[in-house]
Amino acid sequence: MNLQDYLDEAAAVEREGLAAFAGAPDLEALETARIAVLGDRQGRVKALQEALRTIAKEDKPAAGKRFNETRSRLEALHSERKSALERSRASARVEDLTLPARRAWRGAKHPVTLVIEEIEEIFRELGFTVAQGPEAETEWYNFGALNFPPNHPALDAHDTLYLEGEGVLRTHTSPVQVRTLQTYPPPIRVLIPGTVYRRDFFDASHAPAFAQVEGLCVDEGISFVDLKSTLNRFAERFFGASRTRFRPSYFPFTEPSAEMDVQCGICGGTGCAACKGTGWIEILGSGMVHPSVLEAAGLDGERYTGWAFGMGPARIAISRYGIPDIRILYDSDVRFLEQIAQ
Ligand code: DAH
């Protein structure tokens with residue numbers, strides 16, 4: 001090839017290459033153009049370099065100089081165009097107004113926690129203090145001090161989770177009644193929220209670990225009137241103005257004992273699936289503290305009287321929020337929890 005033809009060819013490669021780079025609409029098109037122009041195998045610049053071999057010796061410096069200029073101009077324009085396209089791709093991403101907005105991820109309180117806190121709030125206004133006790137208990141606190149006879153079915157290994165060596169996982173929050181009575185002198189008004197454990201199958205209405213809220217009031221001259229009026233006041237505050245009823249019941253640690261129902265808020269008492277057609281929802285067990293419980297805790301059972309209750313906030317959450325299956329409360333499924341979270 002003579003020098004003039006070589007210079008013309010170099011000018012053509014440069015012109016066409018620059019046009020191809022400048023006209024590339026996006027990074028993919030630019031890459032196709034780069035392979036065609038600057039590619040190591042079949043690029044036009046590569047061909048131009050190979051053509052240098054055919055140039056006469058005396059013309060080589062001039063041809064070589066032109067080749068170097070061509071290559072470096074093309075490389076420079078290519079990298080300039082490439083960064084321009086990258087910048088506009090990045091900014092296009094930021095400015096896409098059709099993208100859905102990102103929601104901030106916020107934690108929230110679980111429905112059972114919400115119920116417990118509301119119960120605490122109401123009882124706090126009624127003069128109760130929150131108390132706590134251990135989840136790993138001795139058999140004596142969980143059963144013996146609470147007047148369970150040694151052959152009571154609750155003591156059976158089918159119902160209670162026994163720990164290796166000594167002790168049980170508490171099956172209710174009632175042992176904290178005894179611990180409180182041993183620690184503080186009357187008058188006592190405590191509310192005891194906590195987790196309890198039973199050897200139950202996990203089904204639509206049972207969980208092997210669940211929350212309870214216990215209440216205890218002990219002083220001189222406390223009567224069943226205090227029990228009924230305080231619990232009615234609570235029901236009125238928690239469920240709104242709805243009717244309540246007390247049904248005779250039995251617990252070893254209370255005498256007399258009663259279960260308390262509130263009129264079903266979903267059907268208004270006519271009967272529905274939530275109240276199993278009865279019109280009533282059982283919310284707690286209660287009673288006058290048995291003198292032998294007071295005596296077990298070291299109190300004079302002639303001088304002092306008291307009343308107590310225990311309720312299951314998960315059951316209350318279920319009827320309040322119309323939840324069909326208790327297991328939903330323990331699934332940690334955010335799609336459910338978010339509907340109730342506050
Ligand atoms: N501990 C009982 C249970 O787990 C509930 C209970 C009933 C607690 C009557 C009380 C009470 O304090 O007076 O089933």
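The values are calculated or read from the model by the stated rules, or taken from the named source; none is laboratory data. Computed from a predicted structure; not experimentally measured. A quick note on method: Cβ atoms are made from the backbone with ideal geometry, for glycine too, and the neighbour counts reach across all protein chains shown. Side chains included, ligands, DNA and RNA excluded: accessible areas come from the protein's heavy atoms. Shrake-Rupley method; radii C 1.70, N 1.55, O 1.52, S 1.80 Å.
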note = If we ask which residues in the range 5-40 are within 18 Å of residue 67 (Cβ to Cβ), open to solvent by 30 Å² or more (accessible area, probe 1.4 Å) and in a loop (DSSP other than H, G, I, E, B), their number turns out to be 1
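Which count do you get for residues in the range 219-244 that are in contact with a strand residue (DSSP E or B) (Cβ under 9 Å, 6 or more places away or on another chain), of a type in the set (Lys, Arg) and more than 16 Å from the ligand (Cβ to nearest atom)? Please lay out each step first, then the result.
Looking only at the range 219-244, we keep the residues that are in contact with a strand residue (DSSP E or B) (Cβ under 9 Å, 6 or more places away or on another chain), and these are 219-224, 226-228, 230-232, 234-236, 238-239, 242-244.
Next, only the ones that are of a type in the set (Lys, Arg) stay: 228, 243.
Of the ones still in play, those that are also more than 16 Å from the ligand (Cβ to nearest atom) are 243.
Count: 1.
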message = Here is a list: 322, 287, 268. Which entry is crowded, with 20+ Cβ neighbours inside 10 Å and closer than 25 Å to residue 122 by Cβ?
response = 287
message = What are the pairs with Cβ atoms under 8 angstrom where one residue, in the range 260-281, is farther than 18 Å from residue 228 by Cβ and the other, located anywhere, is open to solvent by 50 Å² or more (accessible area, probe 1.4 Å) and aromatic (Phe, Trp, Tyr)? Sequence gap at least six, or different chains.
response = 265/239
remark   = Going through (1) open to solvent by 50 Å² or more (accessible area, probe 1.4 Å); (2) in a helix (DSSP H, G or I); (3) without any contact (Cβ under 8 Å) to a residue 12 or more places away in the chain; (4) not acidic (Asp, Glu) one by one, residue 241 fails only at (2)
query = Any residue in the range 198-218 that is among the hydroxyl-bearing types (Ser, Thr, Tyr), modelled with pLDDT under 95 and either open to solvent by 30 Å² or more (accessible area, probe 1.4 Å) or within 16 Å of the ligand (Cβ to nearest atom) (or both)?
reply = yes
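What residue, of 171, 129, 160, is touching a Lys or Arg at 6+ places or on another chain (Cβ under 7 Å) and more than 22 Å from residue 252 (Cα to Cα)?
Numbers: 171 fails: more than 22 Å from residue 252 (Cα to Cα); 160 fails: more than 22 Å from residue 252 (Cα to Cα).
Sole residue among the options that is touching a Lys or Arg at 6+ places or on another chain (Cβ under 7 Å) and more than 22 Å from residue 252 (Cα to Cα): 129.
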inquiry  = Give all pairs with beta carbons closer than 7 Å in which a residue from the range 203-216 that is within 9 Å of residue 327 (Cβ to Cβ) meets a residue that is among the aromatic types (Phe, Trp, Tyr) and away from the ligand (no atom under 11 Å from the Cβ); count only pairs at least 6 apart in sequence or on separate chains.
reply    = 207/330
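Out of curiosity, is residue 230 surrounded by fewer than 19 Cβ atoms within 10 Å (Cβ to Cβ) and within 36 Å of the chain's Cα centre (by Cα)? If you could, list the steps in order and put the result at the bottom.
Working: surrounded by fewer than 19 Cβ atoms within 10 Å (Cβ to Cβ): no; within 36 Å of the chain's Cα centre (by Cα): yes.
Answer is no for this residue.
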Members of the range 185-197 that are in a strand (DSSP E or B) and open to solvent by less than 40 Å² (accessible area, probe 1.4 Å) = 188, 190, 191, 192, 193, 194, 196
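Check every one of the helices (runs of 4 or more DSSP H) wholly within the range 78-184 and list those with 1 or more residues that are away from the ligand (no atom under 16 Å from the Cβ), open to solvent by less than 70 Å² (accessible area, probe 1.4 Å) and in contact with a Pro (Cβ under 9 Å, 6 or more places away or on another chain).
111-125
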task = Could you please tell me which pairs satisfy a Cβ distance under 8 Å, a separation of 6+ or placement on different chains, a first residue in the range 157-185 that is farther than 19 Å from residue 299 by Cβ, and a second residue that is among the polar types (S, T, N, Q) and more than 12 Å from the ligand (Cβ to nearest atom)?
result = 166/138; 167/138; 168/138
